[in-house]
Each structure stands twice: as structure tokens, then as C-alpha cells.
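First comes the structure, then the notes that go with it.
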Amino acid sequence: MASLQELLAQKEALDREIARTQKDERAAAIEQVRALMAQYGLTAADLSMRNAPKSKAAKTGRKVPAKYRNGSTGETWSGRGLQPKWLKAALASGKKLSDFAV
């Protein structure tokens with residue numbers, strides 16, 4: 001069985017090897033990216049996020065215009081998600097969804 005000192009020395013040697021390998025692989029990745037940029041005529045500005053198309057996440061949080069309105073209270077519903085209680089009650093009493101269209 002190895003002693004604590006031997007194990008610590010092995011750990012330090014592995015840590016150095018890991019750091020060296022990470023540095024080498026990072027350098028190889030950078031070189032590969034540079035080669036691809038040269039091949040396709042890209043610049044660093046082409047890689048910026050400002051030029052990227054808007055993602056779905058960028059669209060979240062927007063207000064959706066109301067499609068239905070309760071004439072007596074002014075409450076609205078966009079037509080997305082669960083129907084509000086006032087609309088469910090009105091539909092149950094025989095009214096049509098089109099009666100509340102904005």
C-alpha cells in the first residue's frame with residue numbers, strides 16, 4: 001500500500017498533467033477555430049451575440065394583447081392559458097366565446 005506522501009506526489013503529478021493537457025487542448029481548439037474563421041472569412045464581430053438571431057427566450061415576458069373582454073367589469077383574457085373564472089361562468093350560463101371578443 002502506498003504511503004500518504006507517495007499518494008500526494010502522484011496527485012500533484014496528475015494535477016500538473018491535467019493542467020498541461022487542458023492548455024494543449026485549448027490551444028488546439030483555438031487553432032481549429034482560427035482555421036475555420038479563415039476558411040469562411042469570418043471575423044470576431046461575426047461571432048458576437050448582437051448578430052445572432054433572437055432566441056425564443058428573448059421573446060418571453062412580452063404582454064399579449066387581450067382577445068376577450070368582460071363588458072361589465074373590464075377584465076380581459078389574452079386567450080392563452082386557463083380560462084378565467086368570469087369567462088367560465090359566463091360560458092356555463094349559455095353565452096358564447098365570441099360574445100366577449102375584443
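Let's see how each residue does on (1) modelled with pLDDT of 90 or more; (2) assigned to a loop (DSSP other than H, G, I, E, B); (3) in contact with a Leu (Cβ under 6 Å, 6 or more places away or on another chain); (4) surrounded by 12 or more Cβ atoms within 10 Å (Cβ to Cβ):
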residue: Arg50; (1), (2), (3), (4): no, no, no, no
residue: Lys54; (1), (2), (3), (4): no, yes, no, no
residue: Ala58; (1), (2), (3), (4): no, no, no, no
residue: Pro65; (1), (2), (3), (4): yes, yes, no, no
residue: Gly71; (1), (2), (3), (4): no, yes, no, no
residue: Gly81; (1), (2), (3), (4): no, yes, no, no
residue: Gly94; (1), (2), (3), (4): yes, yes, no, no
Note on the range 1-27: residues surrounded by 10 or more Cβ atoms within 10 Å (Cβ to Cβ) and hydrophobic (A, V, I, L, M, F, W, C) are Leu7, Leu8, Ala9, Ala13, Leu14, Ile18, Ala19, Ala27
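The values are calculated or read from the model by the stated rules, or taken from the named source; none is laboratory data. This structure is a prediction, so every number in the text was calculated from the model and none was measured. Note that we place each Cβ from the backbone using ideal geometry, even for glycine, and neighbour counts take in every protein chain shown.
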